[in-house]
Amino acid sequence: MLGGYHSFRSGTFPLPGKGRGLFVLAAVFALAACTDPKYTRDGATDEQRRADQAQCQAQVDERMIKERAIVDDREATIGATDRMGRTQLPQQMAARDDRNRSSRLMESCMVARGWTATKSRPF
């Protein structure tokens with residue numbers, strides 16, 4: 001330990017006492033922001049919500065398959081590495097983009113069917 005910081009080799013983060021608490025708090029909020037929204041509609045049953053979600057999910061899955069195929073074709077043509085020659089970073093970014101795009105498409109589909117998306121709060 002040097003100057004109140006732990007080394008990376010010890011398996012801990014190089015954060016002093018209060019910094020760790022802030023890191024944990026930030027992680028909790030980040031994870032909470034990633035939760036799927038709950039959908040509500042006045043007078044609707046859980047069965048109707050599940051049916052609409054299943055139909056929307058099928059549409060989203062079909063669209064994402066097509067969009068991923070386009071991206072894969074483009075990457076096969078121009079290459080799937082970043083400027084530094086790394087392949088893992090573009091793959092991670094593509095996966096994150098796919099998750100974000102899928103979530104937006106799902107929410108748009110559900111809203112078009114009359115549902116309101118509400119995010120759950122962590123506290």
Study note, to complete from the structure: Exactly one of ALA27, ALA76, ALA54, ALA58 is exposed (fewer than 11 other Cβ atoms within 10 Å of the Cβ), hydrophobic (A, V, I, L, M, F, W, C), part of a helix (DSSP H, G or I) and modelled with pLDDT of 95 or more, and that one is ALA54
Revision key, fill the gap. Restricting attention to segment 80-123, the residues that are part of a loop (DSSP other than H, G, I, E, B), modelled with pLDDT under 75 and touching a Ser or Thr at 6+ places or on another chain (Cβ under 9 Å) number exactly 5
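The values are calculated or read from the model by the stated rules, or taken from the named source; none is laboratory data. All values derive from a computational prediction rather than experimental measurement. Virtual Cβ from ideal backbone geometry, glycine too; neighbours counted across all protein chains shown.
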